[in-house]
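Values quoted throughout were computed directly from the atomic coordinates according to the rules given, and no laboratory measurement underlies them. Because the structure is predicted, anything quoted here is derived from the model rather than measured. Ideal geometry is used to build each Cβ from the backbone, glycine not excepted, and the neighbour counts take in all protein chains shown.
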Amino acid sequence: MNKNEKFITGNQAIIEGAKAIGANCMCGYPITPATEILEEWAKLNSENPKKYAMIQAEDETSAGFNTIGAILAGAKAFSATAGPGHVLIQDPLSMAEAMRIPFVLFAMQRGGPSTGTVIYGQQEVTLACFGGNGEGLRVVYSISSVQEAYDYSIKAFNVAWQYRFPVIVLGDGYVAKMKQKIKVSKAPINIKSQSFFNESAFRNLRNCFNVESQLAQVLNNDIKEFRAISKKIVESDQKYCQDAKIIIIAHGIVWQSVVEAVEILRKKKIKVGCFRPITLNPFDGVTLSRFAAKCDKLIIIESSAGHLERLVKSNLITHVKIECLQKPVEPIAVEEIIRFIK
Amino acid sequence: MNPIPIFPKCYKESSKPHKYCGGCGHGIALKELGYAIDELGIAKKTVIGLDIGCSLLAWDFFDVNSVQTHHGRTVPVMSGFKLIDSKRVCIAYVGDGGGYAIGLQSLITAAQRNDAITVILVNNTIYGMTGGQTAPTTFSNEKTTTSPNGRKCWETGQPFMGPEIIKSLNNLNSFVARASVKDPIQLRQIIKQAINNQINKDSFSFVEVLSTCPTNWHMNAKESLNRLNNQIAKQFPVGVFK
């Protein structure tokens, strides 16, 4: 391996990305399968506590509010969690959404509901995209490999600090814990972080308003800005969709199985393609609809009973037959996909 | 000796008169906090965090940097802020619901960890903003909207003694005290001691401020002051504990 390559886990890759982009504070609470993100940061903290500040909080709610405090003070701070912790951290995420605080969260999905299982699921999609008592003004990237854990760790900080909306990198325990060889970039663009407060002009920040019309004014502006940036940051990927009669839609680690299945089916002359939303919020409904308009049917494949299905259906602007292969909390193998298509 | 100005210099004039009910103790607590900030000359380097509840009505009280957070979450926001900007004076202004109920875990953790922040907690034995529900500090037999027949302390516990609990945490340098709006001069001295402890000892400080809530106590101003000076003063002793 050359020096630009590393053989590491997804959780380690997240920290490598955070380091590369100049993150200097993490506040978190241990929870499987995201714990190693905090542990990896703790190693950095033990070597250089000024450069890599850290709080191991009393719970995920506090971890998120610690993170907000650190960001307000000028840090490029972030948190990481999973499952029930992801539920708790929606409270500070909601504040970040309201106050345009560039909050980066790494959420490694595990099985739910409740404590569920500790490794895998795709049931935190709706929570990531629309959790909190707001309008879902947060960017959600769904990663499918260790390389993407690194790449989207960097991108998450840049997008958050550029546009000042919360950004969630959504993975799962498989991506978090498996090891792959990745390429690390040399000099990613790094948007500087500044304190929300200075000593020359006082600011009184709030997220509570006296009347609905006051809040609506602020919120409508935020919604407008989120919609405007959505066009710039929306991301998707596809294979063979141009001439496909069947298009499979999947995200996250399931995408890996789908791509492999599609390659096999193509060799058997079956006109199948696949589409992957990389940003789950905003969702690239425009591109998907363009392909969908030309195919016979869409097949949604996910490790949940309908989180992705709901996103697809609410973003499609064309009529097309839809079938689903849904296995809540269970992984989906290449062979199962091939059997389903045939 | 220079006469004390009518209002603290760090008051934000545009937000006055303040929004608190007549006879509420918050106005006195905040005024003394303002004087303390003036006298310590720390207006520029202070950041105040404000909890939900009546505390949030002070979101623009001072010409001092401030951020209003969620219920019970002001302490962790200030802890995170201080971690990054250690030269700032970080003050969390919270109520007895935010500090002793929903945010107790964070308060205890910040105290145990000896975070160099100052927490000022206003204890009026009730949830004020939401209309007078039972708080951890509510007295036995005190009627609230969630204990209409009076709080049954043999079922729901005795009034929560915050400073007494926090002082027992094993931090030699922390400062823990209780003051009352009935004695504003002492209140200011205690707030100044607490802030100085943050600055000079780089340590945690906590001040519980006994206060009045005529609206939810269903009392007039005089009756409220009588309750503060008698019943409340007996239950919650004032002084520096640590």
_What's the magnitude of the charge dipole for the protein assembly as shown around its Cα centre, counting Lys and Arg as +1 and Asp and Glu as -1 at the beta-carbon? Answer in Debye, nearest 20._
1080 debye
*Show that you can apply the helix-only estimate: for chain B, add -39,500 (n - 2.57) for every DSSP H stretch of four or more residues, divide by all residues, and state [θ] at 222 nm to the nearest 500.*
-8500 deg cm²/dmol
*Value of [θ]222 nm, deg cm²/dmol, for chain A, DSSP H segments ≥ 4, -39500 (n - 2.57) each, nearest 500*: -12500 deg cm²/dmol
*Taking A:W41, A:W161 and counting other C-beta atoms within 10 Å, the order from fewest to most*: A:W161, A:W41
*Taking the dipole about the Cα centre of region A:236-341, with the C-beta of Lys and Arg at +1 and of Asp and Glu at -1, give me whichever of A:I247, A:T279, A:A333 is farthest to the positive side.*
A:I247
*Only bridges with both residues in region B:13-240 count here: give the DSSP antiparallel percent, nearest 5.*
15 percent
*asked:* Could you identify which residue out of A:M95, A:M54, A:M178 has the top mean-square fluctuation in a GNM of chain A using Cα springs shorter than 10 Å?
replied: A:M178
*Based on DSSP, what percent of beta bridges with both residues in the protein assembly as shown are antiparallel, to the nearest 5?*
20 percent
*Compute the long axis of helix A:90-99 from its Cα atoms, compare it with the longest principal axis of the Cα atoms of chain A, and write down the angle in degrees, 0 to 90, nearest 10.*
70 degrees
*For B:Y93, A:Y52, A:Y29, what's the fewest-to-most ordering of other Cβ within 10 Å of each Cβ?*
A:Y52, A:Y29, B:Y93
_0 to 90° range, to nearest 10: angle between helix A:146-163 axis and chain A longest Cα axis_ = 50 degrees
*asked:* About the Cα centre, and with charges only on the beta carbon of Lys, Arg (+1) and Asp, Glu (-1), how big is the dipole of region A:236-341? Nearest 20 debye, please.
replied: 440 debye
*Unit charges at the beta carbon, dipole of region B:13-240: most positive-side option, B:P76, B:G27, B:L210*: B:L210
*So for B:T212, A:T32, B:T145, fewest C-beta neighbours within 10 Å to most, what's the order?*
B:T145, A:T32, B:T212
*asked:* Suppose we keep just the DSSP beta bridges with both residues in chain A; what percent of those would be antiparallel, to 5?
replied: 25 percent
*Once label points are set 7 Å from the Cα along Cα→Cβ at both B:A221 and A:A201, what is their separation, rounded to one decimal in nm?*
3.9 nm
*Cβ-based charge dipole, chain A, positive-most Cα from A:A80, A:N66, A:C208*: A:A80
